[in-house]
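What follows is one structure encoded as structure tokens, with my remarks underneath.
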Amino acid sequence: MYSKISFLLFIFIITNISAQKNLEIIEKRIEKELVSTLNTSDMYLYLIDSNREEAIVQEAINTINDEGSWPSINYKDLSLTGYEHKYHIRNLVVSTLLYNKKESKFYKNPILKRTINKGLRYWIEKDFKSANWWHNIVLVPTSFTNIFILMNDDVDSDLFEKAQPIIKRATKTSHWARQSGDRVKICSAEAKNYLLTKDQENFESTLAEIEDQIRLNTGKRGIQNDYSFHHRVHRENNTATYGLGFANVLVEWALFVNKTKYAFSNEKIKLLVDFYLDGIVKQTAFGKSPETGVKNREITRIQEYKLYSSTPLEYLLEVTKYRKDEIKEIIKLRKGKLQKPSLSFSKFFWQSELFVIQRPNYFSSVRMYSIRNRNTELAHNSEGIFNHHRSDGSNHLEVTGDEYFNIWPVYDWQKIPGATILQKKALPNQHQVQKDGLTNFVGATTDGVYGTVGFDFISPHDFIRAKKSWFFFDDEYVCLGAGIASNHFNNTVVTTINQNLLHGDVLVSLKNKTQSLEKGEHKLSDVNWVYHNGIGYVFPEPIMVNLSNKTESGRWSDINLQSTSPKGLVEKDVFKLWIDHGKRPQGENLWFYPGKMDTKEVTYQYIVVPKTTPEKLNEQNNIKILSNNSKIQAVKHTGLNMTQVVFYKAGSVKIDDGITLTLDSPGIIIVKMEGSTLKSISASDPSRNMSKFHLSITGREAIVIDLPQGDNAGKSVTKKY
């Protein structure tokens with residue numbers, strides 16, 4: 001009996017010792033990684049431009065008051081648009097990092113040590129609480145746990161215990177610890193604190209919560225089954241923002257617990273890799289830099305141009321060999337060891353209604369919304385207050401990656417690339433930014449390489465409408481619009497082709513004669529093409545366009561009401577190109593207009609050619625526009641022998657001599673031929689009402705395509721022959 005008890009006690013002691021060793025290993029890994037990579041973390045970059053670290057620390061040492069505050073900070077304003085207190089946290093975090101970096105001139109500096117302790121004590125005594133819960137429950141507890149892990153015995157002995165009420169606001173039982181980006185960050189701070197307090201039981205339960213966040217949560221907060229990410233219940237796309245922060249925390253913990261008893265399961269690691277590569281990276285220009293079209297309110301914060309950090313991907317390589325070659329390439333791209341990606345792809349995120357396409361020479365996106373989703377996130381904390389139209393079929397194009405960099409204080413928010421917008425004297429107030437969509441025909445078809453996008457657009461802001469489509473190939477893409485209609489008598493409707501930073505001369509071909517434009521505003525007739533910054537905009541038929549290439553001015557504080565937004569006047573040279581459809585275009589009967597109307601098809605058509613030359617724009621292209629009206633929009637690429645069609649209604653379109661394609665319902669179709677032989681058909685149902693498509697192609701038997709259902713409705717399917 002006694003021997004059995006002794007044996008069980010022995011097992012318990014050995015198990016406990018083993019667990020404690022695992023915890024020590026994890027804490028040491030966290031400390032090591034904080035020193036080497038803290039300055040690449042999302043939260044750190046929220047606080048600071050890392051190039052100013054030494055200047056910040058020197059100023060913190062020089063200006064700290066005896067009580068532990070800094071004179072440049074307004075400690076009274078705790079409002080949603082105020083809270084300069086984050087600069088106090090910034091001073092502590094940056095000082096702690098440089099104090100512990102051996103290569104820093106501040107390494108183990110005794111004056112800096114006193115500064116950190118003084119600043120910590122002041123905050124703990126005052127316990128500043130922001131009107132923004134995120135500061136109280138995420139930013140401050142995360143910062144404090146990182147500081148205590150790094151400073152260790154260099155913190156005054158009483159401070160850790162006194163800081164516990166502040167740190168413990170980060171708890172998985174909090175109302176704010178919601179599934180998605182919030183919960184994982186809160187649990188991360190909580191788990192670190194349990195390591196510091198040697199609380200094994202609570203550490204294990206919190207770590208289990210962190211691992212549990214790696215799961216599909218389609219239709220709710222979190223990872224969707226198309227690998228986009230929804231941070232809130234409004235179903236707006238947050239993949240490259242909250243989704244990125246969410247994934248980076250999970251990747252960190254996957255590394256921290258790797259090869260310990262707490263290691264994440266292979267199933268979870270594979271899902272995390274898939275989300276990173278097929279979600280986050282594919283909403284990133286060339287896998288390495290921020291993509292303009294996917295951003296929300298953060299677009300109105302001044303930013304330093306940076307490639308995304310390679311650190312999370314390097315962590316993944318340490319944890320798994322799954323999809324290692326793809327991970328290695330993204331690391332090379334982000335480190336500048338590889339200039340262009342090898343992967344060409346197109347992808348439609350049907351849960352978020354975002355289309356992206358990548359070629360070695362360009363990256364482009366189309367952002368939309370429907371009755372299933374909202375257009376964009378709310379103007380939280382008075383940021384992104386002019387984002388009303390940024391999802392109205394916005395079509396951004398990246399070739400160099402800096403086309404739109406920090407353009408926003410001088411931006412015309414009613415001329416969004418790709419969007420058709422009623423020009424108003426002023427945009428509605430910031431509380432009117434987020435809207436539900438009004439139509440259900442919103443989607444795209446892709447075969448994984450090429451893609452067709454269709455958008456039956458009705459503006460929830462002013463009820464103008466248009467049938468908008470995009471047809472993407474290798475070296476160019478085609479943009480079509482039809483049925484453009486408005487009932488506003490005093491406001492014009494325009495479709496903006498592009499608005500970005502002006503780089504170099506603007507060339508235009510007028511009646512097939514090329515000329516360079518002086519800076520200014522221009523209304524041009526008989527335009528064949530426009531060329532700017534290596535990109536060509538070709539008009540299949542001569543057209544009248546408006547073009548502006550001049551200096552614009554504005555302030556960051558005009559577009560972001562945070563007290564920390566820079567208030568100085570900003571001037572930048574801007575290129576804008578748009579088509580004016582006039583006042584009250586009547587391209588389609590409007591359901592809300594009483595009585596009979598005379599309609600006349602109002603359309604646009606243009607071809608975007610990234611990475612080209614003026615000489616090439618004069619050459620014959622491979623594009624043939626087959627149809628552009630409110631029922632069918634269709635384009636054929638003769639070089640690829642590929643036809644892409646958007647059927648807003650059942651109908652037929654002639655795709656070649658003696659060959660007609662017919663679809664018995666609305667849908668989007670891509671047909672690939674080889675000579676007169678059918679090679680493949682790709683299809684999707686943007687309305688998500690159909691279970692099957694019935695197609696016919698001249699000379700072939702009727703074709704039936706089974707469509708994805710349930711959570712996969714709206715996804716493309718390809719049949720090869």
Strands (runs of 3 or more DSSP E) wholly inside segment 427-532 containing at least 1 residues that are assigned by TED's automatic domain parsing to the domain that holds residue 712 and buried (at least 21 other Cβ atoms within 10 Å of the Cβ): 442-446, 451-458, 465-472, 477-485, 492-501, 506-510, 520-532
Boolean, residue 227 is outside any helix (DSSP H, G or I) and under 26 Å from residue 32 (Cα atoms): no
Matching residues, segment 276-288, being assigned to a helix (DSSP H, G or I) and either surrounded by fewer than 24 Cβ atoms within 10 Å (Cβ to Cβ) or β-branched (Val, Ile, Thr) (or both): 277, 278, 280, 281
Answer from 498, 589, 512 - the residue that is at pLDDT 95 or above and of a type in the set (S, T, N, Q): 498
Subset of segment 673-694 [under 24 Å from residue 638 (Cα atoms) and surrounded by fewer than 22 Cβ atoms within 10 Å (Cβ to Cβ)]: 673, 674, 675, 676, 677, 678, 679, 680
Counted residues, segment 479-529 - those being touching a residue at least 12 places away in the same chain (Cβ under 8 Å) and more than 29 Å from the chain's Cα centre (by Cα): 30
Test: residue 293 is on the phi > 0 side of the Ramachandran plot, of a type outside the set (Lys, Arg) and touching a helix residue (DSSP H, G or I) at 6+ places or on another chain (Cβ under 9 Å): no
Condition met for residue 262 (within 22 Å of residue 317 (Cα to Cα) and either in the same structural domain as residue 34 (by TED's automatic domain parsing) or aromatic (Phe, Trp, Tyr) (or both)): yes
Residue match in segment 69-76 (condition: over 29 Å from the mean Cα position of the chain (by Cα), buried (at least 16 other Cβ atoms within 10 Å of the Cβ), within 20 Å of residue 35 (Cα to Cα) and of a type in the set (Gly, Ala, Ser)): no
Boolean, residue 407 is within 18 Å of the chain's Cα centre (by Cα) and not small (Gly, Ala, Ser): yes
Check on residue 412, surrounded by fewer than 23 Cβ atoms within 10 Å (Cβ to Cβ) and within 28 Å of residue 484 (Cα to Cα): yes
Subset of segment 47-86 [free of Cβ contacts under 8 Å to residues at least 40 places away in the same chain, assigned to a helix (DSSP H, G or I) and not acidic (Asp, Glu)]: 50, 52, 55, 56, 58, 62, 63
Test: residue 227 is under 25 Å from residue 366 (Cα atoms) and modelled with pLDDT of 95 or more: yes
Qualifying residues in segment 87-128 (those that are among the polar types (S, T, N, Q), in contact (Cβ under 8 Å) with a residue 40 or more places away in the chain and closer than 20 Å to residue 166 by Cβ) - the one surrounded by the fewest Cβ atoms within 10 Å (Cβ to Cβ): 117
Segment 154-181, residues that are buried (at least 16 other Cβ atoms within 10 Å of the Cβ), part of a loop (DSSP other than H, G, I, E, B) and of a type in the set (Gly, Ala, Ser): 170, 174, 177, 180
Any chance residue 188 is in the same structural domain as residue 67 (by TED's automatic domain parsing), touching a strand residue (DSSP E or B) at 6+ places or on another chain (Cβ under 8 Å), among the polar types (S, T, N, Q) and touching a residue at least 24 places away in the same chain (Cβ under 8 Å): no
Tabulated pairs, segment 166-182, first touching a residue at least 60 places away in the same chain (Cβ under 8 Å), second part of a helix (DSSP H, G or I) and hydroxyl-bearing (Ser, Thr, Tyr), C-beta under 6 angstrom, 6+ apart or interchain: 181/242
Qualifying residue in segment 630-646 (condition: closer than 24 Å to residue 707 by Cβ and touching a Pro at 6+ places or on another chain (Cβ under 9 Å)): yes
Output for segment 675-689, where each listed residue is under 19 Å from residue 447 (Cβ atoms) and either in contact (Cβ under 8 Å) with a residue 60 or more places away in the chain or under 36 Å from the mean Cα position of the chain (by Cα) (or both): 679, 680, 681, 682, 683, 684, 685, 686
Count - residues of segment 294-313 that are surrounded by fewer than 18 Cβ atoms within 10 Å (Cβ to Cβ) and assigned to a helix (DSSP H, G or I): 1
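The values are calculated or read from the model by the stated rules, or taken from the named source; none is laboratory data. For clarity, every value in this text was computed on a predicted model and none was experimentally measured. Here the Cβ is made from the backbone with ideal geometry for all residues, glycine too, and neighbour counts use every protein chain on show.
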